[in-house]
1. Here is a list: R97, R104, R127, R116. Which entry is open to solvent by 10 Å² or more (accessible area, probe 1.4 Å) and either more than 23 Å from A49 (Cα to Cα) or among the polar types (S, T, N, Q) (or both)?
2. Just checking, does segment 77-86 include any residue being buried (at least 17 other Cβ atoms within 10 Å of the Cβ), more than 11 Å from the chain's Cα centre (by Cα) and modelled with pLDDT of 90 or more?
3. Taking the criterion of being within 12 Å of the chain's Cα centre (by Cα) and polar (S, T, N, Q), would at least one residue in segment 114-122 satisfy it?
4. Only residues that are surrounded by fewer than 22 Cβ atoms within 10 Å (Cβ to Cβ) and not in a loop (DSSP other than H, G, I, E, B): list them for segment 65-75, please.
5. Just wondering, is there one or more residues in segment 48-58 that are in a strand (DSSP E or B) and within 14 Å of the chain's Cα centre (by Cα)?
Amino acid sequence: MGRTTDGPPWAQELVAEISAEFHPELPTPKLTWNQSRRVGYRRLSSGRAGSYEQSPRARIHVTAGNDRTDARMAVLHELAHWTLPSGCRHGPEWAARAFDLYARHDLIDYAIHWERREQSAFHALARERVPAHYDADG
């Protein structure tokens with residue numbers, strides 16, 4: 001039997017809730033879920049997502065670590081991608097959507113450290129909206 005599942009109920013509910021909010025006319029994207037097996041990375045989660053434009057073939061995939069908050073961040077990050085056109089990548093529109101989802105789920109502090117520094121649009125927006133989270137060096 002493969003190790004890919006539909007994910008835990010909390011993740012399925014999150015995907016259904018947010019996809020229905022942004023694209024109620026479309027089917028909920030399929031969530032696929034793996035548990036990380038890499039010893040050094042078992043706490044960390046990652047993911048990938050298609051766009052709503054690919055519906056009904058769109059899916060969100062998460063490789064989850066042991067930390068539920070980290071896994072929830074991965075789901076929200078990928079949902080931000082799914083709710084926008086595929087060309088948005090990690091640009092300003094994606095950053096605004098991700099920031100709003102993280103804020104709604106009380107994860108801004110975690111997100112500032114979770115999102116890679118190369119995602120400059122997210123960090124520029126976060127510096128603007130929550131400057132106290134950044135020191136003088138950025």
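The values are calculated or read from the model by the stated rules, or taken from the named source; none is laboratory data. This one's a predicted model, so the numbers in the text were calculated from it and none came from an experiment. So basically every Cβ, Gly included, is an ideal-geometry build from the backbone, and we count neighbours across all protein chains shown. For the accessible areas, the whole protein counts, side chains as well, though only heavy atoms, and no ligand, DNA or RNA atoms are used. Shrake-Rupley method; radii C 1.70, N 1.55, O 1.52, S 1.80 Å.
1. Working: R97 fails: either more than 23 Å from A49 (Cα to Cα) or among the polar types (S, T, N, Q) (or both); R104 fails: either more than 23 Å from A49 (Cα to Cα) or among the polar types (S, T, N, Q) (or both); R116 fails: either more than 23 Å from A49 (Cα to Cα) or among the polar types (S, T, N, Q) (or both).
Of R97, R104, R127, R116, the one residue that is open to solvent by 10 Å² or more (accessible area, probe 1.4 Å) and either more than 23 Å from A49 (Cα to Cα) or among the polar types (S, T, N, Q) (or both) is R127.
2. As a first pass, look at segment 77-86 and keep what is buried (at least 17 other Cβ atoms within 10 Å of the Cβ): 77-84.
With more than 11 Å from the chain's Cα centre (by Cα) added as a condition, the list becomes 84.
Remaining after also requiring modelled with pLDDT of 90 or more: 84.
The answer is yes, given that some residue of segment 77-86 is buried (at least 17 other Cβ atoms within 10 Å of the Cβ), more than 11 Å from the chain's Cα centre (by Cα) and modelled with pLDDT of 90 or more.
3. Within segment 114-122, none of the residues are within 12 Å of the chain's Cα centre (by Cα) and polar (S, T, N, Q).
4. Taking segment 65-75 and keeping what is surrounded by fewer than 22 Cβ atoms within 10 Å (Cβ to Cβ), we get 65-70, 72.
Correct list: R68, T69, D70, R72.
5. Yes.
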